[in-house]
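Asks: One structure, pasted below without further comment.
Readers should treat all values here as calculations from the given coordinates under stated rules, not as data from a laboratory. Just so you know, these numbers come straight off a predicted model, no measurement behind them. Cβ atoms come from the backbone with ideal geometry, glycine included; neighbour counts cover every protein chain shown.
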Amino acid sequence: RFLKENSELFIEVMNQSSAQSVHKFGGYGVRAKDEAEAAKLLSDAKLLDEAGVCALVLEKVPHTLAAEVSKQIKAPTIGIGAGNETDGQVLVYADAMGMTHGFKPKFLRVFADVSKCMSEGIADYMKCVKEQTFPNEGESY
């Protein structure tokens with residue numbers, strides 16, 4: 001009802017499956033691996049689609065299920081750890097750019113080591129401030 005009413009008011013509503021419910025499920029594991037949970041997720045996705053959801057994020061579900069959901073609903077699907085057959089992909093930018101350490105789920109690919117670059121830049125800034133070479137005359141009013 002909430003989704004239907006808000007979509008009729010032109011308020012875009014997006015739904016995300018699974019991993020954000022870590023306390024409900026007792027961990028960050030893959031969801032909908034068994035038939036019953038997969039059928040429930042597909043059924044819920046169809047209901048959300050009919051209610052007017054603008055997109056559905058499928059997180060850490062089997063890629064075959066994500067592909068099936070993507071085929072059966074009109075709303076775009078966004079995958080995170082759900083294979084490459086969804087309509088789009090999402091990663092937390094800080095994770096994908098190597099800014100976090102110790103968090104390495106199977107679906108995460110690190111595309112850059114921004115953490116190293118940032119650490120070096122901050123160290124250089126601190127050095128210049130301590131040496132009073134920043135700001136210099138050209139950087140001052």
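Asks: Can you tell me which of 42-55, 97-110, 67-80 comes out highest on packing, and rank the rest after it, using the mean Cβ neighbours within 10 Å?
Replies: 67-80, 42-55, 97-110
Asks: How high is the FRET efficiency between K130 and V90 when r is their beta carbon distance and R₀ equals 41 Å, given to the nearest 0.05?
Replies: E between K130 and V90, to the nearest 0.05, is 0.50.
Asks: Estimate the FRET efficiency between L47 and F111 by the formula 1/(1 + (r/R0)^6), using the beta-carbon distance for r and 25 Å for R0, to the nearest 0.05.
Replies: 0.10
Asks: What pairs from K104/K127; K74/K106; K74/K104; K60/K104; K33/K74; K46/K104 go past 25 Å between their alpha carbons?
Replies: From K104/K127; K74/K106; K74/K104; K60/K104; K33/K74; K46/K104, over 25 Å: K104/K127; K74/K106; K74/K104; K46/K104.
Asks: Rounded, prolate or oblate: which fits the range 46-129, taking a ≥ b ≥ c as square roots of the Cα gyration tensor eigenvalues, rounded meaning a/c under 1.5, else prolate when a/b beats b/c?
Replies: Note, shape of the range 46-129 comes out prolate.
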